[in-house]
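Written below as C-alpha cells is the structure these notes are about.
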Protein chains: 2
Amino acid sequence: MPDRRPRRPPYSIDVVLLTVVRGELAVLLSRAPDGREKWALPWDAARNNETMDAVATRVCKSTLDQDPAWKEQIGAFGDAKRHPSESDISVGFVGLVPAGTPSPVGGEHAWFPLHDVPLLSPRQRLILDAAVGMVRSRMDQSPVAFRLLPQMFTLTELQQMYELLLAKRLHKASFRRALQGAWLVEPTDEWRSEGRGRPAQLYRYAPRKRRPAKRGIRLDLLSS
Amino acid sequence: MPDRRPRRPPYSIDVVLLTVVRGELAVLLSRAPDGREKWALPWDAARNNETMDAVATRVCKSTLDQDPAWKEQIGAFGDAKRHPSESDISVGFVGLVPAGTPSPVGGEHAWFPLHDVPLLSPRQRLILDAAVGMVRSRMDQSPVAFRLLPQMFTLTELQQMYELLLAKRLHKASFRRALQGAWLVEPTDEWRSEGRGRPAQLYRYAPRKRRPAKRGIRLDLLSS
DNA sequence: GACATTAATCACGATCGGCTACTAATTCGG
DNA sequence: CCGAATTAGTAGCCGATCGTGATTAATGTC
C-alpha cells in the first residue's frame, strides 16, 4: 500500500488474494500503516493513465512479489462509505494463488482463514464477501479450482478442492467420470507417493476443445 | 442525461436497458445533447452521498419513467478512455424491461436492435457488450428470461425467450419437462387465443423452495 | 506375508434427456 | 356442418448420464 496522496483519490483498487491453507480458504491482509493491530485488504489509489488491471497487478506485486494465477474484477463498491482511502468508490479484484506457494510475506502481510478475519472497514468487508461469492459461483465457468492448485496435482487433491469450494462431499467415481467427460485434465507420467497407500498419478490442467455440448438446459440450477 | 458539472465527475453511472423487440434483444439509447445524430447509453454523474443504485435508478427513470424489472451492476470500466462524461471510470448497470411494455420514449430515446447499434464511445461499447454477455451467462442463476417477459406468459413464449438468449433451438417436450422439475412457474386460470390454433394457458413466475438439489457437478460446463 | 491405507475402476440400477408420435382445442375455408 | 390447418400440450421409448457400493491395484507397516 504505497504512496498516500494529498487529495482524496478518485477511486481505489482493492485486491482480494485467496489461497488455501490447511484445507481452508484464506485471504491475504496487509497491516495498516497507521493502526497498531489493524489489518486491511491491500489497495492503492489509481494514478493517471494507468489501467485498473495495471493497478491491481501492482498491488499484488507489492504484497506477494508474484502474480496470482488468475485475476478478475469483481465490481465497484461505493455504497459502504468508510474505506481507508476515503475515496468515493473502490473497484475490487479477486486473485487466486496456488496452495502451498511459499509466500514471501514479512510481518506486514499474512494469510487469514476466512472464518477468522479481523474487523475490516465496511466497504472492504463487502468486497471480501463479494470476492468469495464470486469464486464460489464461477467455479463451473472459470477454472478457479485449478488456479488454487499447483500446476501438477492428484485427482484426490482436485476433488478435495471442489469439495472445499462447494462445501459438499462428492463421490469419487462420479467426480472422475465427470472429469473424464469434460476433457479438462491430462495425466502426466509422474506419480506421487504420499506415505502409505498406493501412489497417485499427477495430472495437469489442459482443457481440450470439445464439440459444443449438445446438452439442453438445466433450469433446475435456477433454484433460489 | 441531466446536469453536466463544471469539473470532471469522479465517476459516471451508465445503464444498459435491454428488452426484446420483434424477437431480438434491443438496447435503449438516448440522443446525445451535443451531437446531431449521436446516440449514447443513458448515464449520469454521481452526486455526493448518493448510492450507485440510486443513481442507476434515477437514470432509468429519466428515460423510461418506470423501473426495470431487474437491475444489476456489471462492473467498473476505465481502460477505454473516451466517454461522454470524461470521467476516469464508469460503473455499468444492466436493466431488463419486459417485452411489450409501452415505452413512453419521445424522440430523445429509442430502442436499437443489438445488430444495429450506432457508433458509441469506446467505453460505452465495452459496457454494452459486457451487459449482453452478463445477461446471457447468468441465465441459469438469475431469472433473466422471466424479467424480459410480462408477468403472465405462455410456455411457448418462455421457450422462445430461452432460445433467443441461448441462440439455440430447444425441444418443446424436454423444455417443459425441465420446467416442471424446476418448480419455477405456476399456471394461472387464464388462457390466451393467438389467432388460429388451440389457446395456450398463461403462467406466472413463482419459484418454489426445493430440497437442495442432490445432483453433483457438471464439470462439462467449463468447456472454453 | 498379513493387514491397513490410499488410488483407481467396474458395474448395476435409477434417473434424466432427446425425440417421435400422439391427443386436444381452436380457426379457416368450404 | 365438416374436414384441413394450426398451435398447445402429453405419452412413452430408449440411449446417455449419474449416484452408489463393491472390487481390484499398489504401496507402507508390522
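Under 15 Å of direct C-alpha separation, and excluding same-chain neighbours fewer than eight residues apart, A:K61 reaches these aspartates and glutamates: A:D3, A:D14, A:D44, A:D53, A:E108. Computed from the alpha carbon positions, the gyration tensor of segment A:84-140 leads to an equivalent ellipsoid with semi-axes of 20, 18, 12 Å, biggest first.
What's the magnitude of the charge dipole for the protein assembly as shown around its Cα centre, counting Lys and Arg as +1 and Asp and Glu as -1 at the beta-carbon? Answer in Debye, nearest 20. Write out the running numbers ahead of the final one.
Values: 70 positive and 50 negative charges, 304 e Å.
It works out to roughly 1460 debye.
Cut-off 10 angstrom, C-alpha nodes, Gaussian network model of chain A. Which of A:D67, A:D129, A:D44 fluctuates the most? The residue with the greatest mean-square fluctuation here is A:D129.
Given the -39500 (n - 2.57) contribution per DSSP H run of 4+ residues, what per-residue ellipticity at 222 nm results for the protein assembly as shown, rounded to the nearest 500 deg cm²/dmol? Display every interim value, and only then the final one.
On the way: 10 runs with 112 residues, N = 448.
For the protein assembly as shown, the value works out to -7500 deg cm²/dmol.
From the cross-link list B:K71/B:K214; A:K214/B:K214; A:K214/B:K172; A:K168/B:K209, which pairs have alpha carbons spaced over 25 Å apart?
Details: B:K71/B:K214 30 Å; A:K214/B:K214 23 Å; A:K214/B:K172 15 Å; A:K168/B:K209 20 Å.
Distance filter (> 25 Å) returns B:K71/B:K214.
In chain B, what % of DSSP beta bridges are antiparallel (nearest 5)?
Details: 29 of 37 bridges.
For chain B, the DSSP antiparallel bridge percentage is about 80.
Please compute the net charge surrounding A:R138, taking Lys and Arg as +1 and Asp and Glu as -1 over other residues with Cβ under 12 Å from its Cβ. My count for the surroundings of A:R138 gives +1.
Where does the protein assembly as shown land on the Kirkwood hydrodynamic radius, alpha-carbon pairs, in angstrom?
Details: mean 1/r = 0.0410 Å⁻¹.
For the protein assembly as shown, inverting the mean 1/r across all distinct Cα pairs yields 24.4 Å.
The Kirkwood hydrodynamic radius of chain A, based on inverse pair distances between different Cα atoms, is 19.2 Å. Counting only DSSP beta bridges with both residues in the protein assembly as shown, the antiparallel share comes to about 80 percent. Projecting the Cα positions of A:A45, A:A200, A:P84 onto the charge dipole of chain A (unit charges on Cβ atoms of Lys, Arg, Asp and Glu, taken about the Cα centre) puts A:A200 furthest along the positive direction.
What's the whole-number percent of alpha carbon pairs in segment B:117-224 lying beyond 20 angstrom? Taking all Cα-Cα pairs of segment B:117-224, the fraction more than 20 Å apart is 54 percent.
For a quick check: sort B:L222, A:L149 by the number of other beta carbons within 10 angstrom, fewest at the front.
Numbers: B:L222 20, A:L149 23.
Ascending number of Cβ neighbours within 10 Å: B:L222, A:L149.
Under the rule of at least 5 residues apart or a separate chain, name every residue whose amide H is placed under 5 Å from the amide H of B:F93. Result for B:F93 returns B:D14, B:V15, B:V16, B:I74. How about B:K81: which lysines have a C-alpha closer than 19 Å to its C-alpha, ignoring those fewer than 8 places off in the same chain? Candidates past the 8-residue exclusion: B:K38.
Values in this text are rule-based calculations from the coordinates and carry no lab data. Given the structure is predicted, the values throughout are model-derived calculations rather than measurements. Because the Cβ atoms are built from the backbone with ideal geometry, glycine has one as well, and the counts that use them run over all protein chains shown.
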